[in-house]
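Okay, so here's the structure we're looking at.
The values are calculated or read from the model by the stated rules, or taken from the named source; none is laboratory data. None of these values were measured; they are calculated from a predicted model. Positions of Cβ are backbone-derived with ideal geometry, glycine not excepted, and every protein chain shown enters the neighbour counts. Ligands, DNA and RNA are excluded from the accessible area calculation, which covers all protein heavy atoms including side chains. Shrake-Rupley method; radii C 1.70, N 1.55, O 1.52, S 1.80 Å.
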Amino acid sequence: MLSRVADSLYWMSRYLERAEHTTRLLDVNMNLMLDESWVSSDHRWQRVLYALGKPKRVKWEGNPYQLTRSLTYDTGHKSSVLSCIMAARENARHVREQISTEQWHRLNSLYLEVTRPEVKAVMQGDAASDGEGAAGFLQQVMEAVHQFQGVSDSTMSHGEGWQFIQVGRFLERATATALLLESYNEDLWSRPDGIPEGNEYLEWLGLLRSATAFEAYCKVYTADLSPERILEFLLLDAEFPHSMRFSIDSLEKALGAIQSVADKTRTEPLHRVAGRLSASLAYTSVGEILDGDVVSYLRNIQRQCQTIHEMIYHMYVDYSIQAALAG
């Protein structure tokens, strides 16, 4: 596969996963505004920014609708939902012949929908009065991304190109989950002996919903919410698609499938890094993580994900001519 094709498929997938994650965080936290909670609005929305990697040029100024609009519609911010969709569509356009017609139609339809004149009007409107419009927009994007992922799985040959889509999706998901859990550390795991306050369960519920995990969690643990079990489920559950372990296991499998048709000697270091991370999640316990430093543990995962990203680029995208000839 050409390096430019692999690069475009990888980033198309990452941008769509990032857009879906951002819309979900915004949607959940806008809904939490309807309920009273011990957590202040300032703290909650600053936590959202932390979970999104503290995007540059976006600041919390006391207005949740203005912040939501910036993170959703502001194309001057490269990680806004609209910017991610536009970037994903541009990458898909570059590899139009490599993806299915159904994939292109689904992604192009989403692009045309979110760039309508009505959306531009919302971008320029009164931030204090567009909450309903933003909520509808967020739901639309989430549903469209889920549809695209389903169409990708059912209409595209599961060869090397599809595997690069999986790599992008699950590497982005793992990084986002680690940041999300880190943003909640102060409220959930930094004070294990603390007594839950009146509406603290709303924040625990918000975290699970931010990872589309509430119903899946209840099927494993019933509705008995506790910070320890939430951390265990979102980090170590092997069967839930948005857990850290599932994401890393899926990433390792996709990299292994790509390695099987590449130069195994040259790609073995990448496979070892991904394999070590997968094994570390498979053979640890939530008790061991809580006995240590949760933030350090999560940041170590983020560093390893960044290392995997850099190695992917070095081996499959930005490699030297000598390496290509040798492969």
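Full extension of the segment from Val295 to Ser157, taken as 0.36 nm per residue of separation minus the current Cα-Cα distance, would add 45.8 nm. Only one residue of Leu25, Ala87, Leu67 has its Cα farthest out toward the positive end of the dipole of the stretch 1-95, where Lys and Arg carry +1 and Asp and Glu -1 on Cβ, and that residue is Ala87. Its residue count N fixes a reference of 2.2 N^0.38 Å for the chain, and the Cα radius of gyration divided by that reference is 1.01.
Accessible surface area normalised per residue over the chain is 46 Å², counting heavy atoms of protein chains with a 1.4 Å rolling probe.
Taking every C-alpha pair closer than 8 Å and separated by at least 6 residues, the mean separation divided by the residue count of the chain gives a relative contact order of 23 percent. Remark: spin-label model distance Gln306-Lys56 equals 1.5 nm, labels positioned 7 Å along the Cα→Cβ axis. So for the stretch 201-258, averaging the separation of alpha carbon pairs under 8 Å that are six or more residues apart and normalising by length, what relative contact order in percent results? Computed value for the stretch 201-258: 23 percent relative contact order. Net charge dipole, the chain: roughly 1240 debye, given to the nearest 20, about the Cα centre with Cβ charges of +1 for Lys and Arg and -1 for Asp and Glu.
Compared with the direct C-alpha span, the chain from Asp224 to Gln139 gains 27.8 nm at full extension, assuming 0.36 nm per residue.
Taking the charge dipole of the stretch 160-289 about its Cα centre, with +1 at Lys and Arg Cβ atoms and -1 at Asp and Glu Cβ atoms, the residue from Phe240, Leu270, Thr284 reaching farthest to the positive side is Leu270. At full extension, Thr265 and Tyr313 could sit 15.6 nm farther apart than now, given 0.36 nm per residue minus the alpha carbon distance.
Under the convention that each Lys and Arg Cβ holds +1 and each Asp and Glu Cβ holds -1, the size of the dipole of the stretch 145-284 around its Cα centre is about 640 debye. Evaluated with a Cβ-only charge set (Lys, Arg +1; Asp, Glu -1), the stretch 202-260 carries a dipole of roughly 140 debye about its Cα centre, given to the nearest 20. Computing Rg and the Kirkwood Rh from the Cα coordinates of the stretch 204-291 gives a ratio, Rg/Rh, of 1.09. Note on the chain: with neighbouring protein chains present and a 1.4 Å probe, carbon and sulfur make up 49 percent of its accessible heavy-atom surface.
Of all stretches in the chain that contain no chymotrypsin sites (Phe, Trp or Tyr not before Pro) in a DSSP loop with at most 16 other Cβ atoms within 10 Å, the longest one is 39-282. All other residues whose Cβ lies under 15 angstrom from that of Val220 are scored, Lys and Arg at +1 and Asp and Glu at -1, for a net of -3.
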